[in-house]
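Colleague: The following block contains the structure, expressed as structure tokens.
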Amino acid sequence: MPDPTTPFPTPTTTPMENQSPALPRNGISRNGERFNSQREQFTKFFECFLSEQSHDLSALRDAATAVDPPDESSLRQLVSRVVSHYERYYETKEASAQRDINPMFSPTWTSTTENIFMWVGGWRPSAAFHLLHSKSGIQLEARLQEIIRGGVVKDLGDVSAAQMQALDRLQMETVRAERTISEEAAEAQEAVAAAEMVKLVSAEDRSEMESKMARKKERMKTVLARADRLRIDTMKGIIEKLEPIQAVHFLIAAAELHLAVHHYGKEKDRLVAAGVM
């Protein structure tokens with residue numbers, strides 16, 4: 001069995017990457033569009049990211065269902081390229097948050113349904129393990145008879161006991177990190193009710209209020225950056241413990257779930273706005 005911990009190579013540039021989205025600078029995108037706020041800029045970037053994610057999903061599906069499966073080197077290149085797109089997304093998100101943290105905790109580019117389930121400005125990292133176990137169980141059940149007959153299964157239904165133990169250890173580490181970040185977020189949020197803030201209520205000193213809130217927002221920027229780092233580190237950690245074809249199936253499951261929930265939520269929001277629901 002090939003070593004699933006072999007590092008994925010640095011991806012080479014592809015035509016799709018040449019067109020990759022970037023956060024507009026000074027309110028103007030590369031094609032000349034003008035934006036009035038940081039929220040509008042990131043909304044446009046997020047739409048480009050969704051398009052890129054859909055493109056990646058098609059490439060992953062093609063690799064997973066090919067009659068003549070790609071070799072492991074090609075699979076590693078594909079996985080590495082897709083992960084690099086997630087990394088670029090979080091790098092751009094952090095840059096945007098440094099300019100204005102407010103939209104990151106009240107995003108309009110996501111649906112109200114998605115926002116209900118957010119943890120510190122995004123998806124909860126430990127949920128990635130639940131996704132992995134769910135998809136593994138579904139694929140194992142679908143191929144059970146084939147496995148019983150001694151067939152070779154090349155998907156998440158074939159995760160070994162050793163891989164599962166390594167994933168369990170990573171999950172425990174991730175949960176501990178989540179708790180630490182949650183505590184840091186709670187401390188930053190509770191600071192809004194500190195005595196210094198209460199005194200400002202009666203003083204009605206707007207400039208001082210602005211100064212105090214700016215410092216507290218800086219703490220939330222740090223918390224968000226740590227949460228996003230944990231998100232991408234968790235994804236990469238899971239992938240490192242999978243064989244290349246298994247990593248392809250995991251990335252398919254992650255993209256399918258994200259896109260399905262997003263489109264469902266946006267459609268529901270549209271119907272509510274139209275008075276249909």
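Colleague: Within segment 245-264, identify whether any single residue is over 30 Å from HIS133 (Cβ atoms) and surrounded by fewer than 11 Cβ atoms within 10 Å (Cβ to Cβ), and answer yes or no.
Modeller: Scanning segment 245-264 turns up no residue that is over 30 Å from HIS133 (Cβ atoms) and surrounded by fewer than 11 Cβ atoms within 10 Å (Cβ to Cβ).
Colleague: It is to be established whether one or more residues within segment 219-237 are open to solvent by 60 Å² or more (accessible area, probe 1.4 Å) and either aliphatic (A, V, I, L, M) or under 15 Å from LEU60 (Cβ atoms) (or both).
Modeller: No, because not a single residue in segment 219-237 is open to solvent by 60 Å² or more (accessible area, probe 1.4 Å) and either aliphatic (A, V, I, L, M) or under 15 Å from LEU60 (Cβ atoms) (or both).
Colleague: Ok, one more. Report, ordered by the first and then the second residue, all pairs with beta carbons closer than 7 Å, sequence separation of six or more or different chains, a first member in segment 37-48 that is more than 12 Å from ILE101 (Cα to Cα) and at pLDDT 90 or above, and a second member that is open to solvent by 30 Å² or more (accessible area, probe 1.4 Å) and β-branched (Val, Ile, Thr).
Modeller: Qualifying pairs under 7 Å: THR43/THR108.
Colleague: Also: When you scan segment 183-206, do you find a residue that is in a helix (DSSP H, G or I) and in contact with a Leu (Cβ under 8 Å, 6 or more places away or on another chain), even just one?
Modeller: The answer is no; no qualifying residue exists.
Colleague: Please indicate, with yes or no, whether at least one residue in segment 101-120 is modelled with pLDDT of 95 or more, over 18 Å from the mean Cα position of the chain (by Cα) and open to solvent by 70 Å² or more (accessible area, probe 1.4 Å).
Modeller: no
Colleague: Among (1) of a type in the set (Asp, Glu); (2) without any contact (Cβ under 8 Å) to a residue 60 or more places away in the chain; (3) open to solvent by 50 Å² or more (accessible area, probe 1.4 Å), which single condition is GLU178 missing?
Modeller: Of the numbered conditions (1) of a type in the set (Asp, Glu); (2) without any contact (Cβ under 8 Å) to a residue 60 or more places away in the chain; (3) open to solvent by 50 Å² or more (accessible area, probe 1.4 Å), the odd one out for GLU178 is (3).
Colleague: Could you tell me which numbered condition LEU200 fails, if it satisfies all but one of (1) under 24 Å from LEU57 (Cβ atoms); (2) of a type in the set (A, V, I, L, M, F, W, C); (3) touching a Lys or Arg at 6+ places or on another chain (Cβ under 9 Å)?
Modeller: (1)
Colleague: Here is a follow-up. Return the only residue of LYS135, LYS154 being closer than 23 Å to GLU243 by Cβ, open to solvent by 20 Å² or more (accessible area, probe 1.4 Å) and not in a helix (DSSP H, G or I).
Modeller: After applying the criteria, what remains is LYS154.
Colleague: Moving on to the next point. Just the residues that are open to solvent by less than 30 Å² (accessible area, probe 1.4 Å), over 9 Å from PRO244 (Cβ atoms) and out of contact with any Asp or Glu (no Cβ under 6 Å at 6 or more places or on another chain), please, taken from segment 65-84.
Modeller: SER80, VAL83, SER84
Colleague: Could you tell me whether LEU251 is in contact (Cβ under 8 Å) with a residue 12 or more places away in the chain, more than 28 Å from SER106 (Cβ to Cβ), outside any helix (DSSP H, G or I) and of a type outside the set (Asp, Glu)?
Modeller: no
Colleague: Looking at (1) open to solvent by less than 60 Å² (accessible area, probe 1.4 Å); (2) under 18 Å from ARG219 (Cβ atoms); (3) at pLDDT below 95, which is the one condition that is false for GLU196?
Modeller: (1)
Colleague: Restricting attention to segment 181-193, report how many residues are surrounded by 14 or more Cβ atoms within 10 Å (Cβ to Cβ) and among the acidic types (Asp, Glu).
Modeller: 1
The values are calculated or read from the model by the stated rules, or taken from the named source; none is laboratory data. If you're wondering where the values come from, they're calculated on a predicted model, not measured in any experiment. Because the Cβ atoms are built from the backbone with ideal geometry, glycine has one as well, and the counts that use them run over all protein chains shown. For accessibility, only protein heavy atoms count, side chains too; no ligands or nucleic acids. Shrake-Rupley method; radii C 1.70, N 1.55, O 1.52, S 1.80 Å.
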